[in-house]
Amino acid sequence: MDTVQRFEGLEEEVRESFGEDIVSLRREIHREPELGFDTKKTAEKVLSALDGLPLEIQTGVAENGIVATLKGGGDGPTVALRADMDALPIHEETGLSFASETDGKMHACGHDGHTSMLVGAARALCQDHLRERLNGTVKFVFQPAEEGGGGGRVMVEEGVADGVGSIFALHLWPGLEFGKAATKAGPIMAAADAFEMEIKGKGGHGAMPHMTADAVVIAAQVVTALQTVVAREVNPVEPAVLTIGEIEAGTAFNIIPETARLGGTVRTVDADLRKRMPERIEELARGVARGMRGDVELNYRFSYPVTRNDAGAAKLALNVAGELFGEDRAVEVEYPSMGGEDFAFFLEELPGAYVWLGVGDVSGLHTPRFAFDEEILPQGAALLAALALESLSG
Ligand code: NI
């Protein structure tokens, strides 16, 4: 059998047999968003959608995560498919009929879609005619706490990657043409690190600056100076971002505050550059602050590492997408996104690939109006199923 025949009809089959259920599960999850590791109700919805399938189910992984295991028709390797389940602390403004019923929480990163696509893939692959084609085992990994909690790291620590040969994950991707699957070998998402910096000055009367060390003015100089780390110290062809997203200082217009606080994020793709950044940030900020009779204290947190696709797995994913959807819908991207992703922790342990699935020109991820055409969901479920079929075709 050639590969074209292998996936022929799979997308239509998934849409016709499971499409409605995938969409209604997505809407149920969307209505009731949960944050971080606290994805208990989402996990319950997943469990009830998997009920009755020939899966070995492990619950309570990384608190509220689930690993569902399907033994195929042969004794080959294990492939894992991973979806994230958590929402964001954003107040939804989509106006959808199934919008979030919880003020201040929203599925604004599409994880409701990822979860329901993975359930769809599990249901498809559990059918006898597909299951018997799996020469090995499929693990369906439902992960909490992608948005900052590092649920992927906890899952790896709890052994989810043990015995697994390769792993894949999809992410719905605004800005990529609808229905296209895109990935690349090597880095696809950046390392996403964070820092807080306290600027220490000497407070006093707003009319007597000479008696103070003005933390606001120091902070302003530090923010500007830090922009030169990327602009003047990083090789211009090397991707890097330094963003200060928070500045806090002061209590009244006529008081010079004692301290100021900065919060920022650093995105890098190169491991050595990543390690060098905290030292350069601290040295530069300290030099500026001391020149103005102040000082700084840096609290730097290495958070999500680079999401680095295995070259073979990325190629497999592009081939599968090309065969399933047609060549014009499989896109090899040139540059990584500077966003972060805790799927990185799995890819530090295992070969695998992170794949973007285009939802076209819609409001961006992490915005209150993020919404997408649900027609993408059965397509993504079919892609996940095809990735497992191809990985276990030996
Ligand atoms: Ni996301």
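Here are the numbers:
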{"item": "Evaluation of Val234 against (1) without any contact (Cβ under 8 Å) to a residue 60 or more places away in the chain; (2) open to solvent by 20 Å² or more (accessible area, probe 1.4 Å); (3) over 14 Å from Pro257 (Cβ atoms) (one fails), failing number", "result": "(2)"}
{"item": "Residue check, Ile256 open to solvent by less than 60 Å² (accessible area, probe 1.4 Å) and not assigned by TED's automatic domain parsing to the domain that holds Pro336", "result": "yes"}
{"item": "Within the range 263-301, tally of residues that are open to solvent by 40 Å² or more (accessible area, probe 1.4 Å), among the hydrophobic types (A, V, I, L, M, F, W, C) and either closer than 15 Å to Asp214 by Cα or assigned to a strand (DSSP E or B) (or both)", "result": "1"}
{"item": "Top-ranked residue of the range 101-116 - restricted to ones that are of a type in the set (Ser, Thr, Tyr) and over 13 Å from Pro89 (Cα atoms), ranked as nearest to the ligand (Cβ to nearest atom)", "result": "Thr115"}
{"item": "Residue tally, condition of a type in the set (Lys, Arg) and either within 18 Å of the chain's Cα centre (by Cα) or surrounded by 18 or more Cβ atoms within 10 Å (Cβ to Cβ) (or both), over the range 302-322", "result": "1"}
{"item": "Criterion (in contact with a helix residue (DSSP H, G or I) (Cβ under 7 Å, 6 or more places away or on another chain) and either part of a helix (DSSP H, G or I) or over 28 Å from Asp162 (Cβ atoms) (or both)) met by exactly one of Ala353, Ala317, Ala313", "result": "Ala317"}
{"item": "Pick from the range 67-85, criterion open to solvent by 50 Å² or more (accessible area, probe 1.4 Å) and of a type outside the set (Asp, Glu), ranking: nearest to Asp373 (Cα to Cα)", "result": "Lys71"}
{"item": "Selection count, the range 323-343, where residues are under 18 Å from Tyr304 (Cα atoms) and touching a Gly at 6+ places or on another chain (Cβ under 7 Å)", "result": "2"}
{"item": "Unmet criterion (only one of (1) out of contact with any Phe, Trp or Tyr (no Cβ under 7 Å at 6 or more places or on another chain); (2) open to solvent by less than 10 Å² (accessible area, probe 1.4 Å)) for Ser391", "result": "(2)"}
{"item": "Every residue from the range 86-109 that is under 14 Å from Gly36 (Cα atoms) and surrounded by 18 or more Cβ atoms within 10 Å (Cβ to Cβ)", "result": "Asp86, Ala87, Leu88, Ile90, Lys105, Met106, His107, Ala108, Cys109"}
{"item": "Cβ-Cβ under 9 Å pairs, at least 6 apart or on other chains, the range 285-314 side within 13 Å of Met189 (Cα to Cα), far side surrounded by fewer than 14 Cβ atoms within 10 Å (Cβ to Cβ) and modelled with pLDDT under 95", "result": "Pro305/Ala271; Val306/Ala271"}
{"item": "Residue identified as under 27 Å from Phe346 (Cα atoms), at pLDDT 95 or above and more than 16 Å from the ligand (Cβ to nearest atom) among Leu47, Leu35", "result": "Leu47"}
{"item": "Of all residues in the range 82-96 being within 16 Å of the ligand (Cβ to nearest atom) and hydrophobic (A, V, I, L, M, F, W, C), the one that is farthest from Asp112 (Cα to Cα)", "result": "Ile90"}
{"item": "Test: residue in the range 377-388 that is of a type in the set (A, V, I, L, M, F, W, C), closer than 21 Å to Glu16 by Cβ and under 17 Å from the mean Cα position of the chain (by Cα)", "result": "yes"}
{"item": "Odd one out for Leu170, checked against (1) within 16 Å of the ligand (Cβ to nearest atom); (2) over 13 Å from the mean Cα position of the chain (by Cα)", "result": "(2)"}
{"item": "Scope the range 46-66; condition of a type in the set (Gly, Ala, Ser) and surrounded by 15 or more Cβ atoms within 10 Å (Cβ to Cβ); matching residues", "result": "Ala49, Ala62, Gly65"}
{"item": "Residue match in the range 333-342 (condition: aromatic (Phe, Trp, Tyr) and buried (at least 17 other Cβ atoms within 10 Å of the Cβ))", "result": "no"}
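The values are calculated or read from the model by the stated rules, or taken from the named source; none is laboratory data. Since the structure is predicted, the reported quantities are computational estimates derived from the model, not experimental observations. Cβ sites come from the backbone with ideal geometry, for glycine too, and all protein chains shown count toward neighbours. What goes into the accessible areas is simple: the full protein's heavy atoms, side chains included, and nothing from ligands, DNA or RNA. Shrake-Rupley method; radii C 1.70, N 1.55, O 1.52, S 1.80 Å.
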